[in-house]
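Working notes, structure below.
Every read-out reported here was derived from the displayed coordinates using simple, explicitly stated rules and does not represent laboratory data. As the structure is a computational prediction, the values presented were derived from the model and not from experiment. Note that each Cβ is placed from the backbone with ideal geometry, even for glycine, and that neighbours are counted across all protein chains shown.
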Amino acid sequence: NYHFVFCPRYRRKIFLRTDVEERFKQLVQEVCEELEIVIVAFRVRKDHTHIFLNALPTLSPADIMAKIKGVTSKKLREEFPHLQHLP
């Protein structure tokens, strides 16, 4: 089991819009299904996220987060133009 807490750079409040939050949740679920990871708990706040996961020991925590953050960042920037200007 892993408990991850992460935030966007400079704790920008990107989850103020519910459509961004819902799409983010969908993307995380898709990535976890692909990697055979079970989401135990998942909470999104306006400037950070808590995810409690159950994963195989063959996946390192760094690999899990790299995949989740990389995919979600890329897709959210493509789908929501107001996020494109963020570094």
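Odds and ends about this structure:
- Checked against the criterion of being surrounded by fewer than 16 Cβ atoms within 10 Å (Cβ to Cβ) and charged (D, E, K, R), the candidates ARG12, ARG23 yield just one match: ARG12.
- For the stretch 57-87, a tally of residues being within 16 Å of GLU34 (Cα to Cα), under 11 Å from the mean Cα position of the chain (by Cα), free of Cβ contacts under 8 Å to residues at least 40 places away in the same chain and surrounded by 13 or more Cβ atoms within 10 Å (Cβ to Cβ) returns 1.
- The criterion of at least 1 residues that are basic (Lys, Arg) is met, among strands (runs of 3 or more DSSP E) falling completely within the stretch 1-62, by 38-44.
- The lone criterion from (1) closer than 17 Å to TYR2 by Cβ; (2) surrounded by 15 or more Cβ atoms within 10 Å (Cβ to Cβ); (3) polar (S, T, N, Q) left unmet by GLN29 is number (2).
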